Amino acid sequence: MERSFKRHIAIVSLLAAGFWAQTVPAALPFETAPAERRLTVHEQVLDGRVEAVHRATVSAQTSGRIVELMYDVDDFVEEGSVIVRLRDTEQRARLDQASAALREAEARFAEAQTEYERIRGIFERQLVSRAEMDRATAARDSARARLEAARAAVAGAEEQLEHTRIRAPYAGIVTERFVEVGESVSPGQPLMAGISLELLRVTAEVPQRQIAVVRQLGRARVFHDGETPVQGEDLTFFPYADPGTNTFRVRVQLPPGIPDLFPGMFVKVAFAVGERERLLVPESAVVHRGEMVGVYVVDDTGRVSLRQVRIGRPQEDDMIEVLAGLDEGEHVAVDPVHATLYLKEQQEAAR
């Protein structure tokens, strides 16, 4: 009787141990996160085109013959670098002439100032007449005026000389060159065109029915490689609609330093138009195996399996939407690499 009772207790203990092994997950060597529904921003995705904020055509500001072209198409130019140099013989001659006139004016003014000081000292002792004092004062003022005119002439000559060295207004890339060495140019004639890759923006056409909410929310994201979103920093709305398409043009300012993004490229622009509930998982949990997209799902017993899912666009806080293949509350591995190793260990242990 006693032996039978102990045997019965052992059987019950084994059954209880098996029950708890199925309901309590084993300790996992990696982090998991549940698939949860959240209220997120609903977006309208439209086509956009990248354009440079700084783009300009540099023109000649003085007449002359081109003696040197420092850059060609596709060359990178630093801000303030000389890109075209004109023949400056005439401008240098004018500067030398103005500098000589300035030195003469300075000498005349110094002489007139000295004479004025001498006459004023004598006048204070009442040894010369008021008329003599007035003549010294007028001579000094006239010399000062000629000195100021000479300085202005030198500044003008220096500016004309500087116009023979055409400089880049900003750092960028040369997109077109309109002249060659040896050509004569005149003021206003285009010389080079360029763009800057430092500041970029995206232009998109928003339908008339959605422009009100897009203007109200003022938020947009740009997808330039199909996956990674770039948050727009500022939105500029054109105050009129295109009569042919009934769309409003919107400019989205981009942050500087985005790699592999160039003017003229087509991108996708997601404008915020409301809110929507989505099933989300951490973006790091998604794995790509060829054309298959999946996540490592962990069940209640701690068993790991790779499941194929269909995902949407990345959301804020490094989360991504799951459209199909996963239910709310299921746990996924945040680190797929560790989950892969753990799954292999499970398979080895099962064999």
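The values are calculated or read from the model by the stated rules, or taken from the named source; none is laboratory data. Since we're looking at a predicted model, the values are computed, not measured. All Cβ positions, glycine included, derive from the backbone under ideal geometry; neighbour counts span all protein chains shown.
Overview of values
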item: Members of segment 296-311 that are within 16 Å of residue 29 (Cβ to Cβ) and part of a strand (DSSP E or B); result: 296, 298, 304
item: Residue 280 vs. criteria closer than 30 Å to residue 217 by Cβ, among the hydrophobic types (A, V, I, L, M, F, W, C) and outside any strand (DSSP E or B); result: no
item: Filter pass, residue 260 being among the acidic types (Asp, Glu) and assigned by TED's automatic domain parsing to the domain that holds residue 232; result: yes
item: Residues satisfying the stated conditions in segment 184-197, i.e. surrounded by 14 or more Cβ atoms within 10 Å (Cβ to Cβ) and not polar (S, T, N, Q); result: 185, 190, 191, 192, 193, 194, 195, 197
item: Residues of segment 214-238 that turn out to be modelled with pLDDT of 85 or more, assigned to a strand (DSSP E or B) and crowded, with 16+ Cβ neighbours inside 10 Å, as a count; result: 6
item: Residue, surrounded by the fewest Cβ atoms within 10 Å (Cβ to Cβ), within segment 312-336, restricted to residues that are on the phi < 0 side of the Ramachandran plot and assigned to a loop (DSSP other than H, G, I, E, B); result: 327
item: Test for residue 176: is it among the acidic types (Asp, Glu), on the phi < 0 side of the Ramachandran plot, out of contact with any Pro (no Cβ under 8 Å at 6 or more places or on another chain) and assigned to a helix (DSSP H, G or I); result: no
item: Hey, residue 62 of a type outside the set (Asp, Glu), within 48 Å of the chain's Cα centre (by Cα) and in a loop (DSSP other than H, G, I, E, B) or not; result: yes
item: Residue tally, condition touching a helix residue (DSSP H, G or I) at 6+ places or on another chain (Cβ under 7 Å) and surrounded by fewer than 20 Cβ atoms within 10 Å (Cβ to Cβ), over segment 275-297; result: 1
item: Members of segment 25-46 found to be of a type outside the set (Ser, Thr, Tyr) and either without any contact (Cβ under 8 Å) to a residue 40 or more places away in the chain or over 18 Å from residue 219 (Cβ atoms) (or both), listed by number; result: 25, 26, 27, 28, 29, 30, 31, 33, 34, 35, 36, 37
item: Unique residue being more than 30 Å from residue 61 (Cα to Cα), in the same structural domain as residue 106 (by TED's automatic domain parsing), aliphatic (A, V, I, L, M) and assigned to a helix (DSSP H, G or I) when the list is 139, 157; result: 139
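Residue by residue, here is whether (1) at pLDDT 90 or above; (2) not in a strand (DSSP E or B) holds:
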{"residue": "198", "(1), (2)": "no, yes"}
{"residue": "204", "(1), (2)": "yes, no"}
{"residue": "212", "(1), (2)": "yes, yes"}
{"residue": "248", "(1), (2)": "yes, no"}
{"residue": "268", "(1), (2)": "yes, no"}
